[in-house]
Structure formats: C-alpha cells, structure tokens
Amino acid sequence: MEKEKFLLQNLVPEEETQRIFDKVFDKTAIETLHYLAHKGYFNKVEFVISTGKEAHVFRAVDASENFRAVKIYKIETSDFNNMAKYLEGDMRFKKTKQNKRSLVFSWTRKEFRNLEALNTAGIPVPLPIASKNNVLVMEFIGNNGEAAKTIKENPVEIEKFFDFAVDSLAKMLFRAELVHSDFSEYNVLNNRGKPILIDCGQAVLTSHPNARDFWQRDLKNIANYLSKNGLKKTSAEIEEKVREKKNNL
C-alpha cells in the first residue's frame, strides 16, 4: 500500500494524505483516481466537501482551474442490501453480479446514467462528467469554490421549493421515466437561491417493481418538509400538481 500512498500524494495536498487515505481510499479508488486524472478530468483532489455512509464527495480542480466534484463510493463499508434493492429490477443493470464490488461499480454507473437522463429532461442536477469503477466526476455546485449547502442547512423560500419539487417530479416522471426514490431536503442543494437535485444513484426506472412505493415515499418526504415549514400539502395534492403538468412539458 505504500505505492498507493505515494501516488495519492500527487493528487491531494500532503498534509491531507494520511487522514484521507486512512478513511476513504483503497487500492481500487486510488488507481481509478489516477486513471481519471491522466484522462484530464481533474488534476488534484483537494478536500472533502460531503461525507456519507456510502460515499464521500471531494472538491477537485482541473488543468484550467475549474472546480469539479469527485464522488468516491466505498466498497468495503457500503450497504450491500440497500444497494441491491434499487439495482434489482433495473433492466439497465440486470447483469450485475451479487457481490459488493460489482454492486458498487454498477451503482456508480447508475448514478452517472441517471444524472445524464435528468439533465436531458431539464432538471437542475450536477452535470455528470466521467465515471469509472467506484468514482464519479461531476460538475461542482457552489460559488467561488465554496460548495453549496443542502436546503436542510440553508433553506430556500418554501414556495420556491414547492415549485421546484413539482416541476422536477413531473419532468422526472414524464420525460426521464425515473423516480428519485430519496427526494428530500437532504438531497437538494441551495445554489445561490436555485435548488439543485443531487444524490441520484438510487433513482429507478418507472418500470422498476418498487417504483410506486419509492414514488409515494418521495411525495411523503416532500409533504413533510413543506408542512414543517408552513406550507400544508398532502402527498395526494402534490401528486395532483405533478400530473397537471404532464401536458405542458
């Protein structure tokens, strides 16, 4: 592993190397980072901007000093059973082997493809740039190098969130034929007043056997957030507003 530590020093500041290496990186992640860096997607991974049970997101910079977001999914500590229930039934990934490495690699590809589809559908999401193995390179969302916070941390006006949620759900359902499956205040960024939907790896096709259950969960999450912030809406009322948009998309 000493070789990997040496390689990592080329990608992150020296003072960060040991801490990040110990918490996040394994041989696969480091080799993948160097492959993507060699391809020119970024030059250096700078520091972590978001941590989670399944993945960490880092700020990176490319040769032109553009910021990038680099998401690294953990292999050994990922929730095998949780990932499997979103991949099983998705025809795009029906050949995924039932082991952690294969599941995580498929999950990373799945998030890339979902972001592509959502971007095409006109939904504000980070632009996907590249993916390989368990590493996803995306557009950096923020201002002057400071990552945007979630609306849980930095709320937008509640009416704006409601309009964003309805419009995003409608485009997701009727254009992209996807269900986000985890739409909440924790997965929407506030980018200078503009909501941006993130964490789209668990999004499923509408043909997925559990899509209806995931859809209802999204509606319930949104209704709960609206109600907590003074805008009383039921799941049924939100769904009605979404379906009203179908003919105008």
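The values are calculated or read from the model by the stated rules, or taken from the named source; none is laboratory data. Quantities reported herein were computed from a predicted structural model and do not represent experimental measurements. Cβ sites come from the backbone with ideal geometry, for glycine too, and all protein chains shown count toward neighbours. When the accessible area is computed, the model is the full protein with side chains, heavy atoms only, and any ligands, DNA or RNA have been set aside. Shrake-Rupley method; radii C 1.70, N 1.55, O 1.52, S 1.80 Å.
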So who's got an amide H within less than 5 Å of the one on residue 56, skipping anything under 5 residues away but keeping other chains? H placed 1.01 Å off N, in plane.
72, 74
Take every Cα-Cα pair in region 51-199 and report what % of them are more than 21 Å apart.
47 percent
What net charge is computed for the residues neighbouring residue 123, neighbours being all others with C-beta under 9 Å from the C-beta of residue 123, Lys and Arg scored +1, Asp and Glu -1?
+1
Of the listed links 85/241; 94/220; 44/132; 97/220; 95/241, those spanning more than 27 angstrom between alpha carbons are 85/241; 94/220; 97/220; 95/241
If I compute solvent accessible area with a 1.4 Å probe over the protein chains, what percent of it on the chain is carbon and sulfur?
45 percent
Before I look further, what does the chain give for accessible area per residue, probe 1.4 Å, in whole square angstrom?
50 Å²
Around residue 43, with a cut-off of 14 angstrom between Cβ atoms, what is the net charge of the other residues, counting Lys and Arg +1 and Asp and Glu -1?
+1
Kirkwood Rh and Cα Rg combined as Rg/Rh, region 151-249:
0.94
Added length on full extension, which subtracts the Cα-Cα distance from 0.36 nm per residue, residue 234 to residue 175:
18.9 nm
Tell me, how many Å apart are the Cα centres for region 134-160 and for region 164-212?
15 Å
Hydrodynamic radius of the chain per Kirkwood, over alpha carbon pairs, in Å:
18.9 Å
In the chain, whole DSSP H helices that both stretch 24 Å or further along their axis by alpha carbon positions and average at least 1.0 on the Kyte-Doolittle scale are none
Charge context of residue 207, other residues only, Cβ under 9 angstrom, K/R +1, D/E -1:
-2
